[in-house]
Amino acid sequence: MNKQHITLNINREEYDVVVTDNELLSNVIHDTLGLTGTKYGCGTGECGACTVLVNGDPVLACITLVTAVAGAEIITIEGVAPAPGKLDPIQDAFLEQAAVQCGFCTPGMILVAKDLLVRNPHPTEEEIRETIRGNICRCTGYTSIIRAIQQAADPTICCQSKP
Amino acid sequence: MHNSRIITNDFDFFQPTSMTELYELLADTSVETKLMAGGTDLIPQMKEGRKAPKRVISTMKIEELACITVQDGILKIGAAAKLKKVAAACSGLPTINALHQGVSSVGKLQILNMATIAGNICTASPAADTVPGLLTLGSSVTLKSVNGEREVALRDFLAGPGKTTIQANEVLYCINVPLPSENTGSEFKKMERVGADIAKINISVVVQRNGNTCESCKVAVGSCGPTTLLIDKVDDILGGQEISGPESELIQKAAQLVADTITPIDDIRSTAEYRRKVAAVIFMDVFQIAWVRAKGDAA
């Protein structure tokens with residue numbers, strides 16, 4: 001099997017990488033490029049931990065061949081914030097609502113929330129639940145995750161986790 | 001124990017951008033080849049070592065395969081159209097609601113962004129969620145190869161678990177769904193443990209109605225046989241008959257026929273006994289919803 005040279009556009013930066021045809025996007029992002037925010041969970045497309053945005057759409061990096069997304073615009077959790085030192089409103093809301101426990105599902109949760117709020121800036125709770133259906137949180141902190149996404153959509157929702 | 005982090009199998013990956021290029025690749029049948037659409041099924045199978053092709057050919061970079069059009073009352077869904085796009089195209093067409101529901105229930109958001117209806121058909125899982133709706137709507141598939149094209153009824157295309165009648169040099173080009181008349185109602189239901197699971201049983205009913213008379217009733221049940229089963233005999237019971245109520249004798253007779261016709265097995269998701277019992281019950285529920293919809297209500 002041949003190695004080939006491809007260019008990946010990740011978080012608005014271009015990366016030249018040498019890959020084989022059977023390499024997966026998740027491993028190139030995490031291991032080759034060292035962007036460790038993208039998590040490897042189940043490996044079979046069940047858990048959503050490896051979610052990244054490809055041309056704006058959430059997809060599962062652990063079942064995506066890397067050469068299939070050469071040239072596409074890829075956003076990982078590292079690329080969600082608008083600038084270094086700043087956070088996206090969704091990330092702020094996750095912090096405020098204490099929606100992070102072990103943190104393993106958080107990158108995937110934030111990326112599907114990002115896609116949801118771009119498509120639908122004022123989702124109902126039902127729509128939020130439907131959106132995160134494919135992202136498993138084994139700390140089972142779903143309630144605070146849903147509240148965080150609600151807060152990101154509507155910052156007037158008061159933080160209920162602080163004393 | 002397999003390592004699902006990587007694909008250990010070596011293969012060459014091709015991403016043709018035109019049908020001509022694809023036919024050229026398919027002409028070489030000397031190497032074990034798999035056609036891949038979204039890859040949501042094939043890649044996990046390769047990771048688990050259940051499939052080890054030497055060549056993988058993607059259909060996703062061929063633009064004409066991503067088209068969804070309506071031509072002469074037929075919805076044509078290109079083989080590389082992603083499920084999210086298919087669901088959006090179906091959502092404006094109330095008579096094919098069952099297909100919309102089936103497509104939407106294949107998986108979560110991420111899967112809908114990756115997977116295709118052609119992939120779902122060609123994987124030929126008896127539990128495929130898009131298939132009951134397609135079968136009850138009388139769909140066909142267009143297969144193309146360098147030698148030409150042929151159209152095959154979907155029920156003849158599906159040959160068994162993981163088996164279709166596609167030839168090695170052929171590619172599924174599009175799925176043709178005839179749009180039914182306005183007096184048609186359809187409904188799909190899937191029994192699952194939690195959302196995004198594979199179906200324990202899934203069912204689609206398409207009813208054509210004239211006042212209180214059932215003109216025709218098509219029923220397909222998945223996860224209860226080697227392929228999704230289209231149960232024609234229900235139409236012999238209900239076709240041309242007046243429907244007096246949701247639990248009338250006639251409906252109960254049809255429900256019993258559905259339960260008796262399916263050939264379920266015991267597996268990790270359910271027992272055969274459960275599937276038979278549930279089939280009769282959900283047939284009655286789903287028929288009733290389709291029946292009310294056929295009148296034009298959005299019940």
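The values are calculated or read from the model by the stated rules, or taken from the named source; none is laboratory data. Source: prediction; values computed, not measured. Neighbour counts run over all protein chains shown; Cβ positions are idealised from the backbone, glycine included. Calculation scope for accessible area: heavy atoms of the full protein, side chains included, ligands and nucleic acids excluded. Shrake-Rupley method; radii C 1.70, N 1.55, O 1.52, S 1.80 Å.
At-a-glance table
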| item | result |
| --- | --- |
| Net dipole in debye of chain B [+1 Lys, Arg Cβ; -1 Asp, Glu Cβ; about Cα centre; nearest 20] | 760 |
| From phi via Karplus (6.51, -1.76, 1.60), per-residue ³J(HN,Hα) for the range A:76-81 in Hz, x at Gly/Pro | 9, 4, 5, x, 6, 5 |
| Ordering of A:82-94, B:177-189, B:44-56 by packing [mean C-beta count within 10 Å, highest first] | B:177-189, B:44-56, A:82-94 |
| Taking all pairs of distinct alpha-carbon atoms in chain B, Kirkwood radius in angstrom | 19.8 |
| Over chain B: helical MRE at 222 nm, DSSP H runs n ≥ 4 each giving -39500 (n - 2.57), nearest 500 | -9000 deg cm²/dmol |
| 17 Å reach of a label modelled at B:Ala168, 7 Å along Cα-to-Cβ, counting backbone N of the range B:1-43 | B:12, B:23-36 |
| Residue among B:Ala255, B:Ala115, B:Trp291 farthest towards the positive dipole end of chain B, charges placed on Cβ | B:Ala115 |
| Heavy-atom accessible surface that B and A bury in contact, both chains counted, 1.4 Å, Å² to 100 | 2500 |
| Eligible lysines near A:Lys3 by straight Cα distance, threshold 26 Å, same-chain separation 8 or greater | A:Lys39, B:Lys34, B:Lys47, B:Lys51, B:Lys54, B:Lys61 |
| Compactness of the protein assembly as shown as Cα Rg over 2.2 N^0.38 Å, two decimals | 1.03 |
| Pairwise Cα inverse-distance average, inverted: Kirkwood Rh of the range A:3-79 (Å) | 12.1 |
| Net +/- balance of residues flanking B:Asp28 in space, Cβ distance below 13 Å, scoring K and R +1, D and E -1 | -2 |
| The range B:137-180, Cα convex hull volume normalised per residue, Å³ | 67 |
| Computed lengthening from B:Leu179 to B:Gln241, 0.36 nm per intervening residue step minus Cα-Cα distance | 20.0 nm |
| Rg and Dmax of the range B:191-294, Cα atoms only, in Å | 13.6, 43 |
| 13 Å beta-carbon shell around B:Asn210, net charge (K/R +1, D/E -1) | -1 |
| Accessible area of the protein assembly as shown belonging to carbon and sulfur atoms, whole % at 1.4 Å probe | 50 |
| Peptide-level mean, for A:47-56, of C-beta atoms on other protein chains within 10 Å | 2 |
